[in-house]
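What follows is a single structure, written as structure tokens, with notes after it.
The values are calculated or read from the model by the stated rules, or taken from the named source; none is laboratory data. Computed from a predicted structure; not experimentally measured. When we count neighbours, we look across all protein chains shown, and the Cβ atoms used for this are built from the backbone with ideal geometry, even at glycine. SASA here: full protein model, heavy atoms, side chains in, ligands and nucleic acids out. Shrake-Rupley method; radii C 1.70, N 1.55, O 1.52, S 1.80 Å.
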Amino acid sequence: MGIIHILDDRLSNMIAAGEVVERPASVVKELVENSIDAKSTTIEVHIVEGGLGTIRIVDDGCGMTSDDCEACFERHATSKLRRERDLFHISSLGFRGEAIPSIASVAKVELRSSHLAGEAGTRIVVEGGRRVSIDPVSQPKGTEIIVRELFYNTPARLKYLKSIQTEVGHIADYLNRLAFAYPEISFLLTVDGRTVLKTYGDGQLLHVISSVYGMVIAKEMIPIEGQNLDFEVEGFVANPQLTRANRSYISILVNGRYIRNQAVIGAILRAYHTLLPINRFPIGILQLKMDPALVDVNVHPAKLEVRFSKEQELMQFIEKEIANVLQKQRLIPEPIRTTPKEPSTQTRIDWQSRNPNVSNAWKNEEPSVVREYTTWFLDQADTSAPEKVNVQLSEVGKNDQSEVKAIETERLEESSPSSFVVDPSVPIFYPLAQLHGTYILAQSEDGLYIIDQHAAQERIWYEYFLGKLAEEKIEMQDLLIPLSIHLSLKEMNLVQEKLPLFKEIGLDLEEFGNQTFIIRSHPRWFVAGEEEAIIHEMVEMIVRGDEKIDTVKLREKAAITMSCKAAIKANRHLNHLEMEALLNKLRETTSPYTCPHGRPIIIHFSTYELEKMFKRVM
């Protein structure tokens, strides 16, 4: 007699449950996705004891006939696929046909469904994979599924679960992502009778963001929308001033499906290049749309990971679209406004005529909420370049002799690289004074600005060095005494593999025996006195083990390092002409808001805020 035998359906379903049903959140995911596929407009999820006690899901979708109610508990039963080619053009969320029988094999499940309003529905009870009863029942159109005592017959699974709070967190997190993907669906989540999430299904993603993350975050979100021949993207990304300590606030949605994809996250982070502080991450909700043939969703049991057939093109598209949106923003931090300004009636009417969809979106909100959102959108819309006005400058520097002025101006122009792009959203600054030898105080038509002088010149030098590093022909400086770098054997081997990268940026490392390299020349514009430190930092970048390091990253690291070393430091006192020259150079950079490390350069106090602090306005 052979030793190979066929598993019975009950055991097969329990094994499948091990892949599909990891925790209560897995049950919610599978069943809510079925509700979405059923064209529901309202979905309710009620959780008791973290989902281990009860999970109850109610929708108003198309419902099922009595025969379909019975068939859905059979393994491999699905309404999403009919032929082999459908597997390569999937447009639904669920399609494997394993979720309901797998859940029913490890829990006590009651299903109620009706596909026609006013007609009797069907009620089926299944416990541990065995049908207990099937009866007609009074049921509105739609489906209700109650899952009780999850893992009651597989107690070993329970010991791997976390606390009830953790399980609730997983459930809420996934429902939040689905709410982002389907703002036209009203979602309700209650936990032990307490409402945790409620969205209104009005189709406005910003309303969902407000429901999930709160109004403060919603105010800082920037809309994004773009498309090319293959892809579409829409959604919101956060102002770079609003960051988090991890990537969990980034939601990626592909054709309505929430996915996890490091390549897409990498593209988003590259778009925020130099706008984020180290180890900080943005908030973003991106809805990506593409031909289903371009994405394979059948590579993960829970369908959380996908494979793109044009991945590189997609990453370039995402990075470009987000970067373009961020470049158009005025990213100057301002004090948090405790009470929103009341815009004039005419201003509000003009703005609403330009933004009819948004203004109508809040027509059912409380008046105070409407005012707050309207004020925010007015602020977002008003990004036109301020016209130069006749501002009274301080007396600082007015007594300088003309000869001294000429010398100082010439010296400043020589010490700061020049650019040729002026950001119109940055006003013309009129320097007033210097604070603690570190911050420049300046005024413009719309208030007071405080500028970090080191961060400002870092940005100026960074863009200058990055441009020099990208030049095809690099001017070299021969050294009278070669620089030497001693490395460990492991480091030596790593650097030898990357020698072509160093050569592309103008560094020809020559092996000199005994685990030593020498450098006989370097680019002429390397910061004087810092050449060895700069080269050492680039070598360290290689030996730290970043296998994906390339010429672009090496140039980037070199530019950041040199800009930091070249920039003026704190406690360096500047005269009026030096401050004015520095601020003018800053306005010419492509991104005058943050230094290469992502720290803010400029802080703004509006005239209104100043008047309010001095009680000139109430």
(message) With a cap of 16 neighbouring Cβ atoms within 10 Å, and only residues DSSP puts in a loop, list the trypsin sites (Lys or Arg not before Pro) found in the stretch 477-553.
(response) 524, 544, 548
(request) Report in % the part of the accessible area of the stretch 465-537 that belongs to carbon and sulfur, leaving out ligands and nucleic acids; probe 1.4 Å. (result) 50 percent
(message) Can you give me the solvent accessible area of residue 217 with a 1.4 Å probe, rounded to the nearest 10 Å²?
(response) 10 Å²
(message) Taking every alpha carbon pair in the stretch 176-227, what does the distance histogram look like in 5 angstrom bins from 0, in percent?
(response) 5, 21, 27, 23, 15, 5, 2, 1, 0
(request) Taking the Cβ of residue 244 as the centre, find all other residues whose Cβ is under 13 Å away and add up their charges (Lys, Arg: +1; Asp, Glu: -1). (result) +1
(request) Quick one: work out Rg over Rh on the C-alpha atoms of the stretch 448-552, Rh as Kirkwood radius. (result) 1.03
(request) Any chance you could look up the accessible area of residue 215 with a 1.4 Å probe, heavy atoms only, rounded to 10 Å²? (result) 50 Å²
(request) Pop out the carbon and sulfur fraction of the accessible area of the stretch 119-278 as a percent, whole number, probe 1.4 Å. (result) 50 percent
(request) Can you tell me the relative contact order of the stretch 244-334? Whole percent, Cα pairs under 8 Å, sequence separation 6 or more. (result) 33 percent
(request) Give me D for the stretch 472-618 in µm² s⁻¹, whole number, from Stokes-Einstein with Rh from the Kirkwood sum over alpha-carbon pairs, 37 °C and 0.692 mPa s. (result) 178 µm²/s
(message) Using only alpha-carbon positions, what ratio does the radius of gyration of the stretch 230-289 give when scaled by 2.2 N^0.38 Å?
(response) 1.08
(request) Give the accessible surface of the stretch 481-569 per residue, rounded to a whole number of Å², with probe radius 1.4 Å and ligands, DNA and RNA excluded. (result) 51 Å²
(request) For the stretch 159-273, just the Cα set please: Rg and Dmax, both in angstrom. (result) 15.2, 50
